[in-house]
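Here's the structure we're looking at; comments come further down.
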Amino acid sequence: MLSFGAHPIPFVNHLGFTLHHMANGEAELRYTAKPEHLNTFDVTHGGASMTLMDVAMAVAARSLESDDFGCVTIEMKTSFMQAARGPLVAKGLVLHRTKTMAYCEGKIYDSEGRLCTHATGTFKYMPRTVKPGQKPGSATTVIATD
């Protein structure tokens, strides 16, 4: 299992996503939904699946850039093919990259290898800047929105 980097995402930690691959515009995450992450049919809630796709694609995009930059989601489209049950594997892939943008695709597979969810997304690379009042080199950063 790998680290998500110097800037972990508390929501990702809460959901329990684990990172297993991040290199060359590709990422692989794994996730088993907790009872509180299920819907009324006892399968992974669509919001949890969308978050998994969002993170898988963003991590794939981040694999092409230094830790001095983060990625923010500009847009995302998700299609649900079938219920996502049990342990899930999410794969993110950068389809095209420009200086400031990454165009990505993500897929979620269930434990049987069936495709459950497909997504595409556009991500913008954002430089990390030090929060006002913090010293340079501090782990506390904000995104620059201009």
Computed over segment 52-128, the distribution of all Cα-Cα distances in 10 Å bins, rounded to whole %, is 22, 48, 23, 8
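Can you put Ser3, Ser63, Ser49 in order of accessible area, largest first, using a 1.4 Å probe? Can you show the working numbers first?
Numbers: Ser3 85, Ser63 30, Ser49 5 Å².
Ranked list, largest accessible area first: Ser3, Ser63, Ser49.
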GNM on the chain, Cα springs under 10 Å; top mean-square fluctuation among Ala90, Ala61, Ala33 goes to Ala33
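Relative contact order for segment 23-62 using alpha-carbon pairs under 8 Å, separation at least 6, rounded to a whole percent?
Values: 25 pairs, mean separation 23.0, N = 40.
So the answer I get is 58 percent.
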Quick calc, segment 10-127, dipole around Cα centre from Cβ unit charges on Lys, Arg (+) and Asp, Glu (-), nearest 20 debye, gives 160 debye
Counting only protein heavy atoms and rolling a 1.4 Å probe, one gets per residue an accessible area for segment 10-127 in Å² of 49 Å²
Any trypsin sites (Lys or Arg not before Pro) in segment 89-119 that lie in a DSSP loop and have at most 11 other Cβ atoms within 10 Å would be Lys99
At R0 = 35 Å the Cβ-Cβ FRET efficiency linking Asp67 and Asp42, nearest 0.05, sits at 0.35
Classified through the alpha carbon gyration tensor (a ≥ b ≥ c as square roots of its eigenvalues; rounded if a/c is under 1.5, else prolate when a/b is larger than b/c, else oblate), segment 15-85 comes out prolate
The chain: relative contact order from alpha carbon pairs under 8 Å, six or more residues apart, as a whole percent, is 21 percent
The FRET efficiency for His118 and Arg30, from their Cβ-Cβ distance with R0 = 25 Å and rounded to 0.05, is 0.90
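Quick check: residue separation of Ile9 and His21 times 0.36 nm, minus the Cα distance between them. What number comes out in nm?
On the way: separation 12, 0.36 × 12 = 4.32 nm, distance 1.69 nm.
Additional length available on full extension: 2.6 nm.
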At the level of C-alpha centres, the distance separating segment 54-87 and segment 100-125, in angstrom, is 6 Å
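Given a 1.4 Å probe and every protein chain left where it sits, what share in percent of the accessible area of the chain is carbon and sulfur?
Values: 4460 of 8050 Å².
Whole-percent figure for carbon plus sulfur exposure: 55.
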Between the Cα axis of helix 46-62 and the main Cα principal axis of the chain, the angle (0 to 90°, nearest 10) is 40 degrees
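The values are calculated or read from the model by the stated rules, or taken from the named source; none is laboratory data. What you are looking at is a predicted structure, and each value in this text was computed from that prediction instead of being measured. Note that each Cβ is placed from the backbone with ideal geometry, even for glycine, and that neighbours are counted across all protein chains shown. Ligands, DNA and RNA are stripped out before the accessible areas are found, and what is left, the full protein with its side chains, is counted by its heavy atoms. Shrake-Rupley method; radii C 1.70, N 1.55, O 1.52, S 1.80 Å.
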